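Report on the structure given below.
The values are calculated or read from the model by the stated rules, or taken from the named source; none is laboratory data. In this text, all values refer to a predicted model and were calculated from it rather than measured experimentally. All Cβ positions, even for glycine, are placed from backbone atoms using ideal geometry, and neighbour counts span all protein chains on display. Note: areas computed on protein heavy atoms with side chains; ligands, DNA, RNA excluded. Shrake-Rupley method; radii C 1.70, N 1.55, O 1.52, S 1.80 Å.
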Amino acid sequence: MINWEARDRCDLKELQEIIGYLQFCTQVVPHGRTFIRGLINFSMKFPSEFALRHIPAYARVDIRWWSAYAQAWNSIQILDQPKPTLHVYTDASGLKGLGGTFGDEWFSTRCPCRFRNRDIQFKEIYAVFQSIIHWGLAWKGHHVVFHVDNTAIVACIGSGTSRNHQITNVLRSIVMLAARLGFLYSCSWVSSSNNQIADAASRFEYTRLFAMAPSMQKKPCATHPRLRGIKHTLTCPPGSPSFYGTASPPRPA
């Protein structure tokens, strides 16, 4: 991958070889399919197998992510061994906010202004991302099941791909955070009627939240200091946290 990071052009045969190699890697690399879609799209742009083409930015993204991913995982972690299971419930509520629960902990945060006009599917996967930057450091060595009441996002997280590039960007960040923080994950659909606590948190309806779950902690969980203020991409070197930040949650009454 280092040689590919330094290149600016390639032919179709070279590109197909690296795609084939990475597709083989996805058999043992958790969620590796997330990072080959850009390369596959690029391979469809060649007029002939002998043509040389400039490597576009969207294909370089996949190359950089594979390079960073290889540094984050070692030959032991890359093997999917049985792990203790944890359950996390998340929800998004239109223009209001994002919420989630993990055991007796919960978070409730406004959707950042720059994302408020995006569709509900983006907000649902962004809520999953927010749960990771709140609790991800406690999940090392575990398998986390994200319970979401949006079937499209369940399918997206399960397949590791999406036609929506904005959702794909968040999905890539979720995969990289899982690699950096040392946990595996899957996603399961939950009916809205069984996701009421996360729904109440996303709507800032704290009275309803405590009426349904009086044992929940009285204050929302804050973003972990080590994961707060993420601004760059997760392809930064280890120790340089990256990507989306979060808006401050309103205080519960």
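Would the stretch 38-47 turn up any residue that is over 26 Å from His142 (Cα atoms), surrounded by 17 or more Cβ atoms within 10 Å (Cβ to Cβ) and within 19 Å of the chain's Cα centre (by Cα)? Looking for residues that are over 26 Å from His142 (Cα atoms), surrounded by 17 or more Cβ atoms within 10 Å (Cβ to Cβ) and within 19 Å of the chain's Cα centre (by Cα), one finds at least one in the stretch 38-47, hence yes.
Yes/no per residue for (1) assigned to a loop (DSSP other than H, G, I, E, B); (2) at pLDDT 95 or above; (3) within 18 Å of the chain's Cα centre (by Cα); (4) more than 25 Å from Phe122 (Cα to Cα):
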residue: Phe210; (1), (2), (3), (4): no, yes, no, yes
residue: Ala222; (1), (2), (3), (4): yes, no, no, no
residue: Ile230; (1), (2), (3), (4): yes, no, yes, no
residue: Thr233; (1), (2), (3), (4): yes, no, yes, no
residue: Tyr244; (1), (2), (3), (4): yes, no, yes, no
residue: Ser248; (1), (2), (3), (4): yes, no, no, no
residue: Arg251; (1), (2), (3), (4): yes, no, no, no
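The requirement of being over 18 Å from Glu5 (Cα atoms) and touching a strand residue (DSSP E or B) at 6+ places or on another chain (Cβ under 9 Å) is fulfilled somewhere in the stretch 51-66, by at least one residue.
Sort out which residues of the stretch 170-191 are closer than 15 Å to Thr101 by Cβ and touching a residue at least 60 places away in the same chain (Cβ under 8 Å), and write them in order of number.
Scanning the stretch 170-191 gives a single hit, Val190.
Once the stretch 1-34 is narrowed to residues that are assigned to a loop (DSSP other than H, G, I, E, B) and in contact with a helix residue (DSSP H, G or I) (Cβ under 6 Å, 6 or more places away or on another chain), the residue that is least open to solvent (accessible area, probe 1.4 Å) is Thr26. Going through the stretch 194-208 one residue at a time, which ones are open to solvent by 10 Å² or more (accessible area, probe 1.4 Å), part of a helix (DSSP H, G or I) and in contact (Cβ under 8 Å) with a residue 60 or more places away in the chain? Hits for the stretch 194-208 are Ile197, Asp199, Tyr206.
With respect to Ser191, is the statement that it is open to solvent by less than 60 Å² (accessible area, probe 1.4 Å), in contact with a Gly (Cβ under 6 Å, 6 or more places away or on another chain) and at pLDDT 90 or above true? In short, no. The residue of the stretch 48-96 that is modelled with the lowest pLDDT, among those that are under 21 Å from the mean Cα position of the chain (by Cα) and among the aromatic types (Phe, Trp, Tyr), is Trp73.
For the criterion of being of a type in the set (Phe, Trp, Tyr), assigned to a helix (DSSP H, G or I) and open to solvent by less than 10 Å² (accessible area, probe 1.4 Å), Phe129 passes. For Ile167, the requirement of being without any contact (Cβ under 8 Å) to a residue 40 or more places away in the chain and either buried (at least 23 other Cβ atoms within 10 Å of the Cβ) or touching a helix residue (DSSP H, G or I) at 6+ places or on another chain (Cβ under 7 Å) (or both) is not met.
Evaluate the following for Thr161: is it out of contact with any helix residue (DSSP H, G or I) (no Cβ under 9 Å at 6 or more places or on another chain) and open to solvent by 30 Å² or more (accessible area, probe 1.4 Å)? So Thr161 does not fit the description; no.
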